[in-house]
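A short reminder: the numbers here are calculations on the coordinates, not readings from a lab. Computed from a predicted structure; not experimentally measured. Cβ atoms come from the backbone with ideal geometry, glycine included; neighbour counts cover every protein chain shown.
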Amino acid sequence: MPTQFGVTGPDAAPIVSQLGTQAAGVAAYAFLNQTLYAEVAAYQTANGAWSFLSQGTKNADQVKLQGTNPYVRLALSHDWGPHSAMVGVMAMNANIYPDNLNPSGPTIHYRDRGVDAQYQHLLDPHAATIQLSYISEAIDNGDATGMASNPNNRLRQLRIKGSYVYRARFGSGISYFRTTGTSDTNLYPDAASNPDTRGWIPEVFWTPVQYLRVGAQYFNFKRYHGSAANYDGAGRNPSGNNTLFVYVWGAY
């Protein structure tokens, strides 16, 4: 999958960004000469024999995929001295049932196409990273299922992040996120009927040992659901969704 940034926010997000804990798949990949990466995968809903992969997600909240859904990714990477760079492209087609609890009848067709890139400068004791991800999603057949008022919609998601780490222990970062797309009164019921949401996420963290990180992120919304103010028609501003997250991250 493309690089993930840990951005939270409104419901409007490309389907490829939502399937992490809801889908199970089989993939084949190759990495040639430490330069060319290629991956082909097929995904389905993580239920039945695969339900252990979606633990923690309520059945009513789980995306229900129809059959097998293809995903492909190609990326080029290059290392030279303390520098490392990567650029990649991805594509995923997914057919989703509109009613999670009744997976039958017509499906909504999602067609995600994306590009992502990363640059790192690693020269002890310093490490700097810049990441970018852009995904364009076509949403078709939503009106036939009753989920959308338009027969075709578009959603576009941009994420940019820069971070710095000193001695592999003390770090900070700043992220920018923006989601835009077609106005649709069914998909986006707020006053502007639009998914336009954007903002910034500053972050600080500390890694006392290699497998443990403690940090904080502040989600600062500048636009929310199509408006810079009074986005719900009841006086709520984007800043009403600003959130401070304090987290502990572990690996083993």
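Close Cβ contacts (under 6 Å, 6 or more residues apart or on different chains) running from residues in the stretch 25-42 that are farther than 14 Å from V87 by Cα to residues that are β-branched (V, I, T) comprise A28/V40; V40/V72; A42/V26; A42/T68. Looking at the stretch 71-78, is at least one residue touching a Lys or Arg at 6+ places or on another chain (Cβ under 9 Å) and either under 20 Å from A128 (Cα atoms) or not charged (D, E, K, R) (or both)? No, the stretch 71-78 contains no residue that is touching a Lys or Arg at 6+ places or on another chain (Cβ under 9 Å) and either under 20 Å from A128 (Cα atoms) or not charged (D, E, K, R) (or both). The residue that is surrounded by the most Cβ atoms within 10 Å (Cβ to Cβ), counting only those in the stretch 211-240 that are over 20 Å from I160 (Cα atoms) and free of Cβ contacts under 8 Å to residues at least 24 places away in the same chain, is R236.
One line per residue, one yes/no per condition, for (1) assigned to a strand (DSSP E or B); (2) exposed (fewer than 15 other Cβ atoms within 10 Å of the Cβ); (3) among the aliphatic types (A, V, I, L, M):
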site	(1), (2), (3)
L101	no, yes, yes
G105	no, yes, no
Q118	yes, no, no
S136	yes, no, no
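Test G162 against the criterion of being surrounded by fewer than 18 Cβ atoms within 10 Å (Cβ to Cβ), in contact (Cβ under 8 Å) with a residue 24 or more places away in the chain and assigned to a strand (DSSP E or B), and give yes or no. Criteria met by G162. Of the residues that sit in the stretch 167-189 and are within 20 Å of A85 (Cα to Cα) and loosely packed, with under 15 Cβ neighbours inside 10 Å, which one is farthest from the chain's Cα centre (by Cα)? Result: A168. The residue list V214, V209 contains one member that is touching a Pro at 6+ places or on another chain (Cβ under 8 Å) and farther than 30 Å from R111 by Cα, which is V214. Close contacts from the stretch 87-106, counting a first residue that is touching a residue at least 12 places away in the same chain (Cβ under 8 Å) and under 30 Å from Q118 (Cβ atoms) and a second that is in a strand (DSSP E or B) and among the polar types (S, T, N, Q), with Cβ to Cβ under 9 Å and a gap of 6+ residues or different chains, come to V87/S77; V87/Q118; G88/S77; G88/Q118; M92/N69; N93/N69; A94/N69; I96/N69. Considering the stretch 191-210, the residues that are over 22 Å from F170 (Cβ atoms) and over 20 Å from the mean Cα position of the chain (by Cα) include one that is surrounded by the most Cβ atoms within 10 Å (Cβ to Cβ), namely A192.
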